[in-house]
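Read the structure below first, then the notes.
The values are calculated or read from the model by the stated rules, or taken from the named source; none is laboratory data. Here the structure is a predicted model, which is why all the values come from computation and not from measurement. Cβ: placed from backbone, ideal geometry, glycine included. Neighbour counts: every protein chain shown.
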C-alpha cells in the first residue's frame, strides 16, 4: 500500500556525516556511490562552487530515503544544448542574470547518474509526493529559481512521474557510457568488438607500443609527490575539455585516496620514469567507474595514450572480476570505438518564473542527442537505429 505524503517527514542536513552509516548502506548499496563519495566532495574545497544538502525522508522516525542535492550557479552557455545556449546568450545581453541560473540539483555534481537512495522497501513513487514539495521549498530558501533532477536513468522515470503534475518537464541529458566486461581477459574483450573496432584498436595499440614503452602500476594510496604528478596531468585534461561543470584541485585527490574504493592506474615512460597518463577508477561492487583521467598532451596524440590507458583499465576489470566499466559523459567518439554503449539519461526541470520556465520548456523539450554533442551527431548519422535509445520523455 502506498504511503500517504502526510505520513512522511522531510528534513535537510548539510553534511553526509549527519546521516548514519547504516542508512547510507541501506540507501546506497553497491554498486552505487555511497557515503565515501559525498564525504570526498565535502572535503575537496568546493564551497565556492557547490553548496551541499541532503534531503532525508522519514516514516515513523525511520529513514526511508535520502536525496543528495547541491546548489550551483550554472553558467548556462557551458552546459546547455546549443539551441538553448544561443537563445540565452541573446537574452543575457539585456538580462545578464539569465546567463547564470542558480539551481538546486537533485543528484551529484560529479556522478554519471542521479540517485535517490531508498530503504525499507520504500518506492520512489511513494516518497516523491512528500519529497518534491519539500525540495521546492528548499529551492526557494536557497534562492534557487531552478530545480533540476539531474541525469536520472530510464529505470527511475516511472517513479518520477509525479513530477509532471508539479510542473516539471523532461529534457534529454548527455548520455552515460557503459562497457560490459565480457570474458576472462583482454583477448576476450577484443573478440567482443566488431571487426572494424577490433582492427583499429589493435593497430593503435601496436603503434603506441612501438613508439613508447610504458610501465603500468595500480596504486590505492599514492604519496604526496605522486599525487602532485597526477593532479598536473588532470589539469591538462581539464583544460582540454569542452564541457566543464566542476573544477577540482589537489584537495579532491587527497580526499579520495583515503577510500578503499579508489584505485589509480598510473602509466610511466619506461625510459624516463615520467608519469604520462593516469586514470582514477572507483571499484564499487562489481562495477568499475572510470571517474577521471589525465594525460601528457605533448605525447598523447601520436602515441595513443588514451587507448593504452583504457587497455590497462580493461585488464584491471578482468583482474578484479568487474562486470561493467562505467566511463562517464562526453568524449563519446573514443568510447564508442572501444565498444561502450550509450546509457540514456534525463533531466527533470522546473523554473519558478513561469515565463522563463515556458521558454526553457519550449526549447528543451525538443533537444536530442545530436543537439548535445558533435560526436553523438556523427555517430547517429552512421547508426540511425541507435536514435530510438534516447530517452522517451514524460508527457
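Mind checking which residues of region 1-26 are in a helix (DSSP H, G or I) and under 23 Å from residue 139 (Cα atoms)? Scanning region 1-26 gives 5, 6, 7, 16, 17, 18. Within region 286-308, is even one residue without any contact (Cβ under 8 Å) to a residue 40 or more places away in the chain, over 23 Å from residue 187 (Cα atoms) and surrounded by 15 or more Cβ atoms within 10 Å (Cβ to Cβ)? The answer is yes, given that some residue of region 286-308 is without any contact (Cβ under 8 Å) to a residue 40 or more places away in the chain, over 23 Å from residue 187 (Cα atoms) and surrounded by 15 or more Cβ atoms within 10 Å (Cβ to Cβ).
Might you let me know whether region 150-168 holds any residue that is crowded, with 20+ Cβ neighbours inside 10 Å and on the phi > 0 side of the Ramachandran plot? Looking through region 150-168, at least one residue is crowded, with 20+ Cβ neighbours inside 10 Å and on the phi > 0 side of the Ramachandran plot. I'd like the residue in region 344-360 that is in contact with a strand residue (DSSP E or B) (Cβ under 7 Å, 6 or more places away or on another chain) and assigned to a helix (DSSP H, G or I) and, out of all such residues, is modelled with the highest pLDDT. The extreme case among them is 357. Taken together, the criteria place residue 214 among residues that are touching a residue at least 24 places away in the same chain (Cβ under 8 Å) and closer than 16 Å to residue 303 by Cβ. The set of residues in region 218-232 that are out of contact with any strand residue (DSSP E or B) (no Cβ under 6 Å at 6 or more places or on another chain) and either surrounded by 16 or more Cβ atoms within 10 Å (Cβ to Cβ) or not assigned by TED's automatic domain parsing to the domain that holds residue 251 (or both) comprises 226, 227, 231.
Quick one: is residue 259 surrounded by fewer than 17 Cβ atoms within 10 Å (Cβ to Cβ) and under 20 Å from the mean Cα position of the chain (by Cα)? Don't jump to the end; show me each part of the working.
Details: surrounded by fewer than 17 Cβ atoms within 10 Å (Cβ to Cβ): yes; under 20 Å from the mean Cα position of the chain (by Cα): yes.
For residue 259, the condition - surrounded by fewer than 17 Cβ atoms within 10 Å (Cβ to Cβ) and under 20 Å from the mean Cα position of the chain (by Cα) - is met.
Quick test for you: out of 135, 128, pick the one residue that is surrounded by 21 or more Cβ atoms within 10 Å (Cβ to Cβ), part of a helix (DSSP H, G or I) and either without any contact (Cβ under 8 Å) to a residue 40 or more places away in the chain or outside the structural domain of residue 372 (by TED's automatic domain parsing) (or both).
Exactly one residue qualifies, and that residue is 128.
Here residue 363 meets the list (1) over 28 Å from residue 238 (Cα atoms); (2) at pLDDT 90 or above almost entirely, failing just condition (2). Are there any pairs with C-beta distances below 6 angstrom linking a residue in region 178-190 that is under 12 Å from residue 341 (Cα atoms) to a residue that is exposed (fewer than 13 other Cβ atoms within 10 Å of the Cβ), with the two at least 6 apart or on different chains, and if so which? Partner pairs satisfying both residue conditions: none exist. Just to be sure, is residue 217 farther than 30 Å from residue 68 by Cβ and part of a helix (DSSP H, G or I)? For residue 217, the condition - farther than 30 Å from residue 68 by Cβ and part of a helix (DSSP H, G or I) - is not met. For region 138-161, indicate whether the set of residues that are outside the structural domain of residue 363 (by TED's automatic domain parsing), in contact (Cβ under 8 Å) with a residue 24 or more places away in the chain and over 22 Å from the mean Cα position of the chain (by Cα) is non-empty. Scanning region 138-161, I find no residue that is outside the structural domain of residue 363 (by TED's automatic domain parsing), in contact (Cβ under 8 Å) with a residue 24 or more places away in the chain and over 22 Å from the mean Cα position of the chain (by Cα), so the answer is no. All conditions but one from (1) without any contact (Cβ under 8 Å) to a residue 40 or more places away in the chain; (2) in the same structural domain as residue 331 (by TED's automatic domain parsing) apply to residue 197; the one that does not is (1).
Scanning region 316-343 for residues that are touching a helix residue (DSSP H, G or I) at 6+ places or on another chain (Cβ under 6 Å), closer than 24 Å to residue 227 by Cα and not in a loop (DSSP other than H, G, I, E, B) yields one hit, 325.
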